[in-house]
1. Taking only the alpha-carbon atoms of the range 35-325, what semi-axes of the equivalent ellipsoid follow from 5 times the gyration tensor eigenvalues under a square root, in whole Å, largest first?
2. Any chance you could run the full-extension gain for residue 35 through residue 171? It's 0.36 nm times the residue separation minus the Cα-Cα distance, nm to one decimal.
3. So which aspartates and glutamates pass the test for residue 80, namely a Cα distance under 13 Å, with those fewer than 8 places away in the same chain ruled out?
4. Mean separation of Cα pairs under 8 Å and 6+ residues apart, divided by the residue count of the range 35-325: what relative contact order is that in percent?
5. Compare the peptides 39-48, 137-146 by average per-residue count of other Cβ atoms within 10 angstrom and give them in order, highest first.
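No lab work stands behind these numbers, since they all come straight from the coordinates. Just so it is clear, the model here is predicted, and its values are computed rather than measured. Positions of Cβ are generated from backbone atoms using ideal geometry, with glycine treated the same way; all protein chains shown enter the neighbour counts.
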Amino acid sequence: MRNPADFRWLAVLGALLVAIAGFAGETPAAKPEQEFLITFLHINDVHGHIVPWVRDGRDSGGYARLATAVAGIRAEGKAKRYFLVHGGDEFSVKTTLPQTAGTELTTRTKGEANIAVLNSLHFDVWVPGNGEFYNGLPSIKARIREAQCSVLAANLTLKENGQPLAKTFVIEQAGPVKVAFFGLCWVRPETLTTVPLALGDAVETARKLTPELRQKADVVVAVTHIGLDHDRGLAAAVDGLDLILGAHSHNAVPNGEPAPTPSGRKTLICQAGDCLQYLGRVDMRLALKDGKWQVAETTARLIPLDDKVVPDEATAKLIESLRVGRGTATTTGRKAPPVAPPAPEKVQAPANK
């Protein structure tokens, strides 16, 4: 006859075995995410060059190639989010500088065709450049309405009522963090005499806006069309900018330029040349420190959009359909004949003075 204690021992042993089996079948709790990437893809100063063009014998550019490059990077899936940003001068058409007009399609449609192409590539942000205003206020207003991305112009208001021309800033989600973008524009003084806009100082605008955005977002990005020299002045005068994506001076900055800020930290200034010669890429690594997401590292590079990049067929077809739909004989969708791409503008933006 068994001792009752034996049965109690067997019951305890069985319960222990069940508990061990149950524990073995559980999925360990996932560790909280400690770091991740955000990628910014950026272009600037396209000057109407929708299709490929030739400079010094080199076949470059075209939105069909850009579409291929952007799609390939997005397909990597390594970043929490991929932002596609345009720094302005997409369709500048100026009678005194005809070389800035780009293709006939750009000139004839006053940029309407260009916006259709930008929409097809799903841009996130566009900051108008000085060239966007040469066709007058009604034209730029129409292009802003047509754009399906955030159009930013923090330092431009309408003279008649003081209302902003476009959005001052936008805040986007990237995984667990918020990314704030604001745009700084420049308009030529002679243009301002015919286009009823008021242009605010770039540095003063950024000084007022950046502290507010730092309260609302984890990352603050300035998208500017004021030129590299003025971007350096912006970084030196304003604390709290994590990245400056620049335009206007047509600089190709291969790995970005670390610029000192008032606090001693550095912010990276990037610019991608002109006329879609390059796609700029910035990879920003965020790390969790003391319960807050902070920028741990930012790296930049330029990706050539040359004849080694296979054009995206859908984008090429879209451009051709825009051309054919208007009933002209312009050759689009094939290699463009040699043209003279626009030189960097000689008059630098007096945005910080």
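1. Details: eigenvalues 160, 114, 55 Å².
So the three semi-axes of the range 35-325 are 28, 24, 17 Å.
2. Full-extension gain reported as 46.9 nm.
3. Leaving aside aspartates and glutamates fewer than 8 places away in the same chain, those within reach of residue 80 are 33, 35, 172, 283.
4. The normalised contact order for the range 35-325 reaches 23 percent.
5. Details: 39-48: 27.2, 137-146: 16.1.
So the peptides 39-48, 137-146, ranked by packing, come out 39-48, 137-146.
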